[in-house]
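Trainee: Have a look at this one before I ask anything.
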Amino acid sequence: MTGADLPSLPSPVPGACSTAWVDRLAARECPAITARRARRARESGVPQDPIVWARARGANVEDVDGNVYVDLTAGFGVAAVGHAHPAVTRAVSRQVEVLPHAMGDAFADPTRVELMEALCARTGMDRVILGLSGSDAIDAAMKTVVIARGARGRPLRVLCLAGGYHGLGSGALPSLGYLRAAMQAPFAPALSLYADVVPFDTPLPSLSAYDAVILEPVQGRGGMRELGEARLGEIHAAARGQGALVIHDEIYSGCGRTGAFLSTPLAPDLLCLGKALGGGFPVSACLGTARVMDAWGNSGGAAIHTQTFLGHPVGNAAALATLPEIDALLPEVRRKGEALARACATVPGVRRVTGRGLMLGVHVDESLVVTRRLLERGYIVLPCGEKAEALGLTPPFVIADAQLAAFVAALGDCLR
Ligand SMILES: Cc1ncc(COP(=O)(O)O)c(C=O)c1O
């Protein structure tokens, strides 16, 4: 498997080995997590039997039955520089040998400092709280809003946009654009609802009652849809005028996905990054301006925000190796993104293509059925949108032109 291979399917999808692993998984994993064998999607009745991944490289994934796929998701947008990029795996191996773990808020190591400097240099932000997942970064942003605005002496109020997705951590769950009611409703007894959700494309209400607005400049799970610079500019102006903080959740759209390191030049007060940042390793960051972040005050010894694995050296090393690779690939993201969007738009059955760079939503009828047909032809895509109205395409930036062309042909077959 070179990373640039076309699909090769010697076994059925899923094959006998995937099926056996999924049965063992089902016996031990909390049943709400991975779709099980012989389950069908609630909405469409489409089979959900997953494949089990064994190896990945570049834009290829191989399952435990030896089937090789082209991954048009980059594993939820994570493998932007390609699965198992050699520079990342080398950096990780070296770091594991030298210092696999430091001590959160107690004792840092140089990789943490270097990563925070590299992130500030790319984003124009001043301060960083590192984390392990996107949800960690969102939690850190929400806590920062509380700290920065808490003196107002009333409960936190945050505004977010319908279709936004900010993870399922307990900081985000209190209605921060949770995408689907089903993701929030079971937890209602434990939640204090501090967020209001407003429609994606209507004017915002007055922000005077709000402490912050959180948004994805390009919504990912919500359908790969751009807010647009004009609307984003209006939101920024309203927030500035009325004293609310602006949080950009660029966990999906950031780190080069739209063809620039960030999807917008407009500077927020807080910025969340994750997914692609670690090149496959779990690392995330909540960045902020000095004005907002310094409201935390200095640590007096026992930090009021930390984690055992905060600033993990292996994640830092992975991110430090990933960032220059992302920088170098930005022109390719723009070129491939434009070509892919143009090609998909000409496929009969495609209603429209949304998004930018290699963050595209291909709107089709019965996206769950099409997703399954594509998997059975060796192409991994995920549905996206509030009603799963589109196929989300977020391939590795290194995907080969021939892989993209073959995908577009397969899409045409699946829509026929
Ligand atoms: C925009 C956005 N924010 C936050 C998250 C949550 O990140 P994680 O799943 O790493 O906690 C996601 C995950 O898909 C996301 O797309």
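Trainee: Select the strands (runs of 3 or more DSSP E) contained entirely in region 281-380, then report the ones holding at least 2 residues which are modelled with pLDDT of 95 or more and over 19 Å from the mean Cα position of the chain (by Cα).
Mentor: So the answer is 352-356.
Yes or no, residue by residue, for (1) away from the ligand (no atom under 16 Å from the Cβ); (2) among the aliphatic types (A, V, I, L, M); (3) in a helix (DSSP H, G or I):
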residue: GLU114; (1), (2), (3): yes, no, yes
residue: MET125; (1), (2), (3): yes, yes, no
residue: ALA137; (1), (2), (3): no, yes, yes
residue: ALA140; (1), (2), (3): no, yes, yes
residue: VAL146; (1), (2), (3): yes, yes, yes
residue: GLY150; (1), (2), (3): yes, no, yes
residue: PRO155; (1), (2), (3): yes, no, no
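Trainee: What residue, among those in region 265-278 that are touching a residue at least 40 places away in the same chain (Cβ under 8 Å), within 14 Å of the ligand (Cβ to nearest atom) and not in a helix (DSSP H, G or I), is farthest from the chain's Cα centre (by Cα)?
Mentor: LEU270
Trainee: Can I ask one more? Taking the options ALA16, ALA32, ALA20, ALA54, name whichever one is surrounded by fewer than 17 Cβ atoms within 10 Å (Cβ to Cβ), among the aliphatic types (A, V, I, L, M), out of contact with any helix residue (DSSP H, G or I) (no Cβ under 7 Å at 6 or more places or on another chain) and under 17 Å from HIS83 (Cα atoms).
Mentor: Just a single option satisfies the conditions, and that option is ALA54.
Trainee: Is there any pair linking a residue in region 365-383 that is charged (D, E, K, R) to one that is modelled with pLDDT of 95 or more, with Cβ under 6 Å and at least six apart or on different chains, and which?
Mentor: Short answer, once both residue conditions are applied: ARG373/CYS414; GLU376/VAL13; ARG377/ALA410.
Trainee: If you don't mind, another one. Please state which one of ALA321, ALA402 is of a type in the set (Gly, Ala, Ser) and more than 24 Å from ASN67 (Cβ to Cβ).
Mentor: Sole residue among the options that is of a type in the set (Gly, Ala, Ser) and more than 24 Å from ASN67 (Cβ to Cβ): ALA321.
Trainee: Condition first: more than 12 Å from the ligand (Cβ to nearest atom), modelled with pLDDT of 90 or more and touching an Asp or Glu at 6+ places or on another chain (Cβ under 7 Å). Can you find one or more residues in region 233-244 that meet it?
Mentor: The answer is yes; a qualifying residue exists.
Trainee: Just name the residue that is farthest from LEU115 (Cα to Cα) out of those in region 246-264 that are β-branched (Val, Ile, Thr) and within 12 Å of the ligand (Cβ to nearest atom).
Mentor: Result: ILE247.
Trainee: Does region 184-194 contain at least one residue that is surrounded by 22 or more Cβ atoms within 10 Å (Cβ to Cβ) and either at pLDDT below 65 or outside any loop (DSSP other than H, G, I, E, B) (or both)?
Mentor: No - not one qualifying residue is present in region 184-194.
Trainee: To continue, here is another question. Working only within region 333-376, note down all residues that are small (Gly, Ala, Ser) and in contact with a Cys (Cβ under 7 Å, 6 or more places away or on another chain).
Mentor: GLY361, the sole residue that qualifies.
Trainee: Would you mention how many residues in region 385-413 are acidic (Asp, Glu) and more than 19 Å from THR346 (Cβ to Cβ)?
Mentor: Of the residues in region 385-413, 2 are acidic (Asp, Glu) and more than 19 Å from THR346 (Cβ to Cβ).
Trainee: Scan region 265-308 residue by residue and report those that are in contact with a Pro (Cβ under 9 Å, 6 or more places away or on another chain) and over 18 Å from ALA121 (Cβ atoms).
Mentor: LEU266, GLY274
The values are calculated or read from the model by the stated rules, or taken from the named source; none is laboratory data. Treat the numbers as computed from the prediction; the structure is a model and nothing was measured. Please note: Cβ atoms are built from the backbone with ideal geometry, for glycine as well, and neighbour counts cover all protein chains shown.
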